[in-house]
Amino acid sequence: MGLVRIRGLGPAGAALANLLGQRAVALDVAGRYVKACGEAVRVEMPLVERRHVKSKVRRFDFYYGDRHIGTVEYRAPRWYIIDKSAWVNWLREGACTGCEADDVEVEVDARGPHGNGQAKVITVRAYVAGAKVPDDAVSFHFAEGMAGFYWVFPYGDGTANVGAGFLGVKNPIPHLERFVSARFPGARMADVRGAPITVGGRARLMEGDTVKVGEAAGLVYPLTGEGIGLAVTSALALVRAMSSRRPMDTYRRLMAPYVGQVRLQGALLRAAARAADAGKAIEAASGGDLLYRYVEEDLSARLLLAVLARRPRLLFSLLRGLLRR
Ligand SMILES: Cc1cc2nc3c(=O)[nH]c(=O)nc-3n(C[C@H](O)[C@H](O)[C@H](O)COP(=O)(O)OP(=O)(O)OC[C@H]3O[C@@H](n4cnc5c(N)ncnc54)[C@H](O)[C@@H]3O)c2cc1C
């Protein structure tokens, strides 16, 4: 395949440009990458160097309001919290940014959430200095009566990356401020920043003649808000597809399992949002290995049916949500 033009240099576009080197020209509206993020990635995600890692996570705690509802723990680190801006800007260095070319054969849209035509949740995060959280544990806090959660991720040196996003809440900053002052009295919030996350659950890998990667393609897990891993996975898949005989068929095939998981999570989020109390629904479902599968992004319809069969009240609440349009 010939020269590739990449628009947008976040994790998806920067990874792709980095991997393609001289085979790509790349451009971004912003000179440096500074987007708000929880900055959590799976340890197996390629292209991350040790110097970008702020903390290594092996424990996941879940709360509903003030109540602890479950823990998922591993022996070895399962997630890294990274300095995402430094990482993306480093990936960009290996790319041919701002280069011009008139023999472009493939156009790639890697412009992130704006313009992908899907439902979004406005999400904010702050760095909280003096939070004093354990450096190998993250926590998720589901809120009563809302679909979404607060997160607390360790960022090294007693600082935490703390954020929040809820369906239907246009400005989560006041919620985040209340959460931080209640949980970390005396701690200081810095660099409070927000951005939309795509939660539509409908991945689209091509539009017209343009190939899409990352969040531009709708590749975000709606229940967890994770999109960095999918951005890199789609970039790697596209590079592999480009050396095959039928690049788009190969790209679609390589991405099919992720597209399926994104779709399933999108449907679940919509059902939970319509249920009487989404946070309560998650609390009710938190037994068994559901939280573990949630962390592993390995939810399946079969697993959910097994959980729901044991919890008829939750099944009723979700069904009511599904039927309410
Ligand atoms: C607050 C928050 C917390 C999050 N936490 C996590 C997390 O902990 N873990 C996780 O995996 N995911 C998380 N996500 C999701 C994750 O940040 C995104 O899914 C991921 O960054 C998507 O990467 P991308 O490269 O597809 O798009 P983006 O990161 O959005 O990058 C798009 C790039 O395109 C550029 N661009 C936009 N328009 C144009 C244009 N017209 N022309 C040229 N360039 C353009 C932008 O400047 C940007 O550099 C979070 C998102 C938010 C908002």
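The values are calculated or read from the model by the stated rules, or taken from the named source; none is laboratory data. All values derive from a computational prediction rather than experimental measurement. Methodologically, a virtual Cβ is constructed for each residue, glycine included, from the backbone with ideal geometry; neighbour enumeration extends over all protein chains shown. The area values use the complete protein model at the heavy-atom level, side chains included, leaving out ligands, DNA and RNA. Shrake-Rupley method; radii C 1.70, N 1.55, O 1.52, S 1.80 Å.
A few points about this structure:
- Residues in the stretch 180-216 that are buried (at least 18 other Cβ atoms within 10 Å of the Cβ) and β-branched (Val, Ile, Thr): Val180, Ile197, Thr198, Val199, Val211, Val213.
- The residue that is nearest to the ligand (Cβ to nearest atom), counting only those in the stretch 1-13 that are surrounded by fewer than 24 Cβ atoms within 10 Å (Cβ to Cβ) and under 20 Å from Ser244 (Cα atoms), is Arg5.
- For the stretch 119-131, the set of residues classified as open to solvent by 20 Å² or more (accessible area, probe 1.4 Å), outside any loop (DSSP other than H, G, I, E, B) and not aromatic (Phe, Trp, Tyr) consists of Lys120, Ile122, Ala129, listed by residue number.
- Test result for Asp109, at negative phi, within 14 Å of the ligand (Cβ to nearest atom) and modelled with pLDDT of 95 or more: yes
- Residue selected from the stretch 14-55 under the condition touching a residue at least 40 places away in the same chain (Cβ under 8 Å) and of a type in the set (D, E, K, R), by the criterion farthest from the ligand (Cβ to nearest atom): Glu49
- Those residues of the stretch 14-49 which are closer than 18 Å to Phe153 by Cα, among the charged types (D, E, K, R) and open to solvent by 20 Å² or more (accessible area, probe 1.4 Å), in sequence order: Lys35, Arg42
- Checked against the criterion of being without any contact (Cβ under 8 Å) to a residue 40 or more places away in the chain and not polar (S, T, N, Q), the stretch 184-191 has at least one qualifying residue.
- Out of Asn116, Asn89, one residue alone is more than 30 Å from Ala187 (Cα to Cα) and either touching a Pro at 6+ places or on another chain (Cβ under 7 Å) or open to solvent by less than 40 Å² (accessible area, probe 1.4 Å) (or both). It is Asn116.
- The condition of being more than 21 Å from the chain's Cα centre (by Cα) and closer than 25 Å to Ala231 by Cα holds for only one of Ala95, Ala86, Ala129, that being Ala95.
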